[in-house]
Structures are given as structure tokens and as C-alpha cells.
Amino acid sequence: LLATRERFYLISNATNESIWDWEIATNKIWGNQAYLKLLDKTEGDCIDYMDFVERVPKEDNDKIAELFQNAVLHKKTNFNTQFNFKHSDGSLRQFINRSYIIYDNDGNPIRCLGGLTDITAAYQAQQQILKEKELSDSLINSLPGVFYIFNKEGKYLRWNKNMLAVSGYSEEELRNMKPLDFVPDE
């Protein structure tokens, strides 16, 4: 048992994940070093569930609560969430939370454990790509003529609204066509 506890302690502190264990009846949370740092706490500090809730925007808290209640209603053990979290440094970060619920013999939830992964950098990169795509779509659609790009296999990758208007095809139809489809066989 001692070796198992030591192993868990070492693993939980070796990871970048914020590992937590919420005792539902007392609303107390144990967290590894990464979790403590996230909440600006130190080892030995008593962590209440509200310490976590206060860092999550209301709409995300509502979403987490709904997912938890749905999991409990259907006696699921696992559920995942993605939400914003106010870090101890004041920044708003994006996290994925993977949770595991433990039930007593009567089917009541007694503990919920999990791990938080900070996906802020990936989320920001994704948002930047979406902004750049919107900008390029705006530029492509503002061109006065037909614009399209296709790959070496002849599959259309992008096109502007004029391509749709001139060809008379829908986006779905164009997705399944190749440039040679517009050229008569002869």
C-alpha cells in the first residue's frame, strides 16, 4: 500500500496535468502540485469546490454542472468538458477536463476525480487560423472574377462565390467535381 501511494504521488507530480480529487459530501478537493499552482494554493491548503467554481465563467460553470448532472442521471463514470478558467496569474485560459465519477452502493456519486489539460496555446492557434481563413475567404470572394484552387489530383480545394454563380453548381456538387468536368469530352 505504501509503494502504491508513493507511486501515485510521484506520477501525479511528474505530469503537467492538473490532477484533482473532489469529495462530493464535504466539497473538498485534493490536488497535485500543478492543480495547486493553478489555483495559487500551496500543499496543505484546504481547497473547497468553490475555489474552483469562482475561477470558471458562469456559462461554463452551468455547462459543467449540466454535464455532471447528466452523467449522474445516467450513471456514467466518465465525462469530458472544455471550458475557460481564470488562472492564478489573471489570464483566461482554455482547459479540457476529463472526469471520473465514483458511486456508492446505492448509486449516489461520492467522489469525482480528473485531470485538467491546459489547451490555451492550441485553442489560440485554432482561433488565429479561423480568423485568417475568414480574411482569406473575404479576399477571395471580393475578387471580380472566378477563383478556384485544386490539387494535383484535380480536387477543388477552394473557390469564390463567383465560381458558384457562374458554374451554377452548389458547394457540395463542386466538392465532388474536377476542373476537367467543365471541359467537353471532345
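The values are calculated or read from the model by the stated rules, or taken from the named source; none is laboratory data. If you're wondering where the values come from, they're calculated on a predicted model, not measured in any experiment. Positions of Cβ are generated from backbone atoms using ideal geometry, with glycine treated the same way; all protein chains shown enter the neighbour counts. Side chains are part of the model used for accessible areas, which takes the heavy atoms of the whole protein and leaves out ligands, DNA and RNA. Shrake-Rupley method; radii C 1.70, N 1.55, O 1.52, S 1.80 Å.
Enter the angle in degrees (range 0 to 90, nearest 10) between the Cα long axis of helix 120-142 and the first principal axis of the Cα atoms of the chain, meaning the one along which they spread out most. Its long axis makes an angle of about 20 degrees. Remark: the chain carries a charge dipole of roughly 240 debye about the Cα centre, counting +1 on each Lys and Arg Cβ and -1 on each Asp and Glu Cβ. Springs between Cα atoms under 10 Å define the GNM used for the chain, and in it the highest mean-square fluctuation of N162, N61, N70 occurs at N162. Taking label points 7 Å from Cα along the Cα-to-Cβ direction, A121 and D137 give a separation of 2.8 nm. Solvent exposure of region 103-163, expressed per residue, is 69 Å² of accessible area, with all protein chains present and a 1.4 angstrom probe. Which translational diffusion coefficient, to the nearest whole µm²/s, is obtained for the chain from the Stokes-Einstein equation, given a Kirkwood hydrodynamic radius over C-alpha pairs, 20 °C and 1.002 mPa s? In µm²/s, the coefficient rounds to 103.
In a DSSP loop and with at most 16 other Cβ atoms within 10 Å, the GluC sites (Glu not before Pro) in region 112-185 are E153. Largest GNM mean-square fluctuation among Q127, Q94, Q33, using the chain with Cα springs under 10 Å: Q127. Under the simplified labelling scheme, the N105-V146 pair shows an inter-label distance of 7.5 nm, with each label point 7 Å from Cα along Cα→Cβ.
Rounded to 0.05, the FRET efficiency of the T26 and Q69 pair, given R0 = 22 Å and the Cβ-Cβ distance, is 0.70. Looking only at L116, L67, L157, which one moves most when the chain is put into a Gaussian network model with springs between Cα atoms under 10 Å? Judging by the Gaussian network model, the answer is L157.
For R158, the residues whose amide H sits under 5 Å from its own are I149, ignoring neighbours fewer than 5 places away on the same chain, with H placed 1.01 Å from N. For the pair region 1-33 / region 130-144, the C-alpha centres are spaced 48 Å from each other. Residue separation of H87 and A165 scaled by 0.36 nm, minus their Cα-Cα distance, works out to 23.2 nm of gained length.
In order along region 14-28, the Karplus-derived 3J(HN,Hα) couplings, from 6.51 cos²θ - 1.76 cosθ + 1.60 at θ = phi - 60°, round to 7, 8, 7, 5, 8, 8, 9, 9, 9, 8, 4, 4, 9, 6, 9 Hz, and Gly and Pro are given as x.
Neighbours of L180 by Cβ distance under 12 Å: Lys/Arg scored +1, Asp/Glu scored -1, total -1. Does a label point 7 Å from the Cα of M177, set along Cα-to-beta-carbon, have any residues of region 144-158 with amide nitrogen under 16 Å, and which are they? Only 146-151, 154-158 fall inside the zone, counting backbone N under 16 Å.
Taking Cα atoms, how many degrees apart are the long axis of helix 58-73 and the longest axis of the chain, rounded to 10 and kept between 0 and 90? Approximately 70 degrees, to the nearest ten.
The GluC sites (Glu not before Pro) of region 22-68 that meet both conditions, a loop assignment by DSSP and at most 10 other Cβ atoms within 10 Å of the site Cβ, are E43. Give the shape of region 20-129 as rounded, prolate or oblate, defined through the alpha-carbon gyration tensor: a ≥ b ≥ c are the square roots of its eigenvalues, a/c under 1.5 means rounded, and otherwise the shape is prolate if a/b is larger than b/c and oblate if not. Oblate is the answer for region 20-129, as a/c is 1.5 or above yet b/c matches or exceeds a/b.
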